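The block underneath contains the structure these notes are about, expressed in structure tokens.
No lab work stands behind these numbers, since they all come straight from the coordinates. The shown structure was predicted, so the numbers you read here are calculated from the model rather than taken from an experiment. Using ideal geometry, Cβ is built from the backbone for each residue, glycine included, and neighbour counts are taken over all protein chains shown.
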Amino acid sequence: MSMERRAVLKKLGVAGTLGTLAGCVGVQEQSTSAPTDDGGNSGGGGGDDSDETESGDSEMTESEGPAGTAKVWYSLPDTEIPARKSAIENFNSNTKHTIKGADIADLAKKTTSAIPAGQGPKLFEWAHDWVGDYHQRGFVTGQGDQLSVSLDTFTDAAAQAVQFDGEVVGLPHSAETVTLIYNKDIVDEAPETVADMTAVMDEYHDPSSSQYGLGMPFDPYFASAWLQAFGGYYFNPDKDPMLGLTKSETVKGLNFALDNFTPYMPKDPGYEAQAAAFAEGNAAFAINGPWYLATLNEKGVNYGVTKLPMPEGGEPNPYTGITMWFFSKGMEDADASAAAARQFAEWHVTNEDRALQAAKEQGAIPVLSSLAGSDELPDEVSAFSESVAMGTPMPTHPKMNKVWSPVGSALTKVFNGDADPKPALEQAEKEIRANWE
């Protein structure tokens, strides 16, 4: 999911900057800029790093064997890079190993070209939806037998996300999804149902005065909670048929979103217009992800975060993402550099102090079982965690990559009134099958 979101945020250089996110998946940032090598004392990981504490340092233990140097890649907004460098600096200063990090402008393009040529990193950080495709193409390798960390350390969803065909191809460190955000200056209390939410939107919505009920990008990722709320689905390799876009339940979900949400939204379905409405204080509600909170804090919006509201006769089922360290093909070599990369990944994903600080400072959703649902988490993170629990991890099956773009086109057409839901989804399914062939 986060492919396009991360690419755009990287280009804009701000974690919560209002930018065109169109689909949050499927479209990669077109950039030819060279990676920035952060050197031996800086570098990679996920979007949830922060300065480490003394207790975090003490959790680093030396493994047997010689010192190793490992290259790791990531792609982050500029605002998150200093914390990333600090995390790597901490690791390098407290172990015999050296991790060299590079911030990559187009991680998809770079990994798919460099790894087959033997020039890739030992680790790279991204959301879990690449797992199946990259495993099938031989870009990642299983390391389950080499790990000292048990997958029981993580939530079930996170543990499942890093596995494919019985192999552990990475380690998870945070989760993400979208949830309901409300303006406390407009909304008295968080709505528990969509009907409650609609009542507020009815009262506040006045486009002639630049007032809107809701800002929600209308694309496959953001709308997934509603298209899948009544038993429908986009793609599920464990079901027959695998494609569920034309199922009556999925069509019902799309009609539900059109009836209950789009009448209260700005006329542009793209991310920028939808996110700006709430960030400028002109909308009662927003549906967005944890990355959006940085913008709201910068703008001084008096907001609250709550779980997604319940639709009558259904339950929100948003797609969720697990950000993880992938074990690159280069990890197959049982050498010191692979050992260094493995030790860094294990430390990074299991350090509770780091994960908790990231939750408090960046809204990161922990996937450590010991922290998930903890009272120590900020209210905002707890609310996102509740919506994560409602949702479904994005499929890791390689065929999923061909699903996003046709669904995105269908949703745009429907939003703009250029097509009805059922024929639009039928056309999307036809395009997907053609792409598979």
Requested in this report: Calculate how many DSSP beta bridges within the chain are antiparallel, expressed in % of all such bridges and rounded to the nearest 5.
Outcome: 65 percent
**Report entry** Degrees separating the helix 404-415 axis from the principal Cα axis of the chain, which is the longest one
**Finding:** 20 degrees
Query raised in the report: If one takes the longest principal axis of the Cα atoms in the chain, at what angle in degrees, from 0 to 90 and to the nearest 10, does the Cα axis of helix 336-350 lie?
Result: 40 degrees
**Report entry** Degrees, to the nearest 10: 248-260 long Cα axis against longest axis of the chain
**Finding:** 70 degrees
Query - Extended-chain gain in nm, criterion 0.36 nm per residue less alpha-carbon gap, Thr69 and Asp145 - result: 25.2 nm
**Report entry** Least to most buried among Val414, Val301 (fewest other Cβ within 10 Å first)
**Finding:** Val301, Val414
Query raised in the report: Given 0.36 nm per residue, what is the gain on full extension from Glu280 to Trp436 after removing their alpha carbon distance, in nm?
Result: 52.0 nm
Report summary line: Phi angles of segment 371-380, converted by Karplus (6.51 cos²θ - 1.76 cosθ + 1.60, θ = phi - 60°) into ³J(HN,Hα) in whole Hz with x for Gly and Pro, give 10, 4, x, 5, 5, 6, 6, x, 4, 4
Query raised in the report: So what is the calculated 222 nm ellipticity per residue for the chain, using -39500 (n - 2.57) for each DSSP H run with n of 4 or more, over all residues, to the nearest 500 deg cm²/dmol?
Result: -10500 deg cm²/dmol
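Please rank Lys267, Lys430, Lys399, fewest neighbouring Cβ atoms within 10 Å first, as an exposure proxy.
Lys267, Lys430, Lys399
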**Report entry** Dipole in debye (nearest 20) - segment 266-347, about Cα centre, beta carbon charges: Lys, Arg +1; Asp, Glu -1
**Finding:** 180 debye
Query raised in the report: In a solvent-free Debye calculation with one equal scatterer on each Cα, what is log10 I(q)/I(0) for segment 74-173 at q = 0.10, 0.11, 0.17, 0.22 Å⁻¹, listed in the order of the q values?
Result: -0.31, -0.38, -0.95, -1.37
Report task. Calculate the dipole size of the chain relative to its Cα centre from +1 charges on Lys and Arg beta carbons and -1 charges on Asp and Glu beta carbons; express the result in debye to the nearest 20. Result -> 1500 debye
Report task. Would you mind classifying segment 245-379 by shape? Square roots of the alpha carbon gyration tensor eigenvalues, ordered a ≥ b ≥ c; an a/c under 1.5 is rounded, otherwise it is prolate if a/b is larger than b/c and oblate if not. Result -> prolate
Report task. Taking 7 Å along the Cα-to-C-beta vector as the label spot, tell me the Ser209-Asn416 distance in nanometres, rounded to one decimal. Result -> 3.1 nm
Query - Modelled label reach - Glu249, point 7 Å along Cα→Cβ, segment 211-233 residues with backbone N closer than 20 Å - result: 220-233
Report summary line: Of 211-218, 333-340, ordering from highest average Cβ density within 10 Å down gives 211-218, 333-340
Report summary line: Computed ³J(HN,Hα) along segment 194-200: with the Karplus parameters 6.51/-1.76/1.60, θ = phi - 60°, integer Hz and x for glycine or proline, the list is 5, 4, 4, 5, 4, 4, 5
Query raised in the report: Counting only residues 5 or more places away or on other chains, whose amide H sits under 5 Å from the amide H of Trp325 once H atoms are built in the peptide plane?
Result: Leu171, His173
Report summary line: Expressed as a whole-number percentage, the relative contact order of segment 253-406 with C-alpha contacts under 8 angstrom and at least six residues apart is 26 percent
Report task. Calculate the spin-label point distance for Asp165 paired with Glu361, positioning each point 7 Å from the Cα along the beta-carbon direction, and give it in nanometres. Result -> 3.9 nm
Report summary line: The long-range amide H neighbours of Lys100, using H built 1.01 Å from N in the peptide plane and a cut-off of under 5 Å, are Ala70, Lys71, Val72
Report task. Give a residue-ordered list of calculated ³J(HN,Hα) values for segment 114-129 (Karplus: 6.51 cos²θ - 1.76 cosθ + 1.60, θ = phi - 60°; whole Hz; x for Gly, Pro). Result -> 7, 5, x, 7, x, 10, x, x, 6, 10, 9, 10, 6, 6, 6, 5
Report task. Enumerate the amide H contacts of Phe154 below 5 Å, restricted to partners 5 or more residues apart or on another chain; note that Pro and chain-start residues carry no placed amide H. Result -> Ser369
